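The values are calculated or read from the model by the stated rules, or taken from the named source; none is laboratory data. Computed from a predicted model, the values in this text were never measured in an experiment. Cβ sites come from the backbone with ideal geometry, for glycine too, and all protein chains shown count toward neighbours.
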Amino acid sequence: MSNGSVFTDIAAKYDRINRILSLGRDQAWRQRVIDMLPDGRLLDLGGGTGAANPVFGSREVVALDPSPEMLSLNEVPSRVVAVGESLPFADGAFDSVFSAYVFRNLDSVERTVAEAARVLRPGGRLGVVGLGRPKGELAAALHRIGSSVVLPVVGTLAGARDEYVYLNRSLDKLPPPEKMFADTPMRRVSLWRMGPLGFVYGVVLEKI
């Protein structure tokens, strides 16, 4: 999860920029996944500045992020600087794990999912909102062209061109979610596509 702190320098405006880029839908995409998670103790993996906090409801939230600068803007009392590939928690410590727009920054999706499974109680769930390319070669090609233009422009206006050039490149880093979550230590409950052309995905996995 070494790339997780790539947006540290623009922490104060990171959430606002994401809201603009998602046309205001980023919170609704989080909510759809969170609605499928159990109540209780939740680990916000890559919680950063706490953008998801308003939709966690009454859950007890622990925010984890590799960037102390991002976490310093997070209002939850329990904040931990760490990476997803090595979670500093006991087995079965959480009822759910949630992660939004983080998985493309991980060093290892496989190790992170295994760690999430370890810290979940039996019946606990991992919910992920992620970004990638749309399904289908034509849709993916159109999206690649569009994002290669739009994201650097937005980054330049925000004074963070390098970070948003990185974001564009990161969309091609991982296989599609249908393949990425096909074989994990947990049962796949649901996987769906959201957003323009389906470049956003949601997935919920359950520990058996």
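Below, the figures for the structure above:
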quantity	calculated
Criterion: surrounded by fewer than 16 Cβ atoms within 10 Å (Cβ to Cβ) and assigned to a loop (DSSP other than H, G, I, E, B) - qualifying residue of GLY159, GLY146	GLY159
Among (1) crowded, with 16+ Cβ neighbours inside 10 Å; (2) closer than 20 Å to LEU45 by Cβ - the single one TYR164 does not satisfy	(2)
Odd one out for GLY130, checked against (1) within 11 Å of GLY46 (Cα to Cα); (2) touching a strand residue (DSSP E or B) at 6+ places or on another chain (Cβ under 7 Å); (3) not aromatic (Phe, Trp, Tyr)	(1)
Test: residue in the range 78-87 that is closer than 22 Å to VAL189 by Cβ, of a type outside the set (Ser, Thr, Tyr) and surrounded by fewer than 15 Cβ atoms within 10 Å (Cβ to Cβ)	no
Residue match in the range 114-127 (condition: of a type in the set (Asp, Glu), within 23 Å of GLY50 (Cα to Cα) and in a helix (DSSP H, G or I))	yes
Single residue of the range 178-207 satisfying the filter (closer than 21 Å to ARG111 by Cα and assigned to a loop (DSSP other than H, G, I, E, B)) that is nearest to the chain's Cα centre (by Cα)	PHE181
Any hit, the range 103-114, residues being loosely packed, with under 14 Cβ neighbours inside 10 Å and in contact with a Pro (Cβ under 8 Å, 6 or more places away or on another chain)	no
Filter pass, ARG104 being within 22 Å of MET36 (Cβ to Cβ), of a type outside the set (Ser, Thr, Tyr) and not in a loop (DSSP other than H, G, I, E, B)	yes
Scan of the range 96-112 for residues that are touching a Gly at 6+ places or on another chain (Cβ under 8 Å) and either at pLDDT below 95 or over 24 Å from PRO122 (Cβ atoms) (or both), ordered by number	ALA100, TYR101, VAL102, PHE103, ARG104, ASN105, LEU106
Filter pass, GLU163 being touching a strand residue (DSSP E or B) at 6+ places or on another chain (Cβ under 7 Å) and not basic (Lys, Arg)	no
Residue list for the range 84-101, filter: under 16 Å from LYS207 (Cα atoms) and either of a type in the set (D, E, K, R) or in a loop (DSSP other than H, G, I, E, B) (or both)	ALA90, ASP91, GLY92, ALA93, ASP95
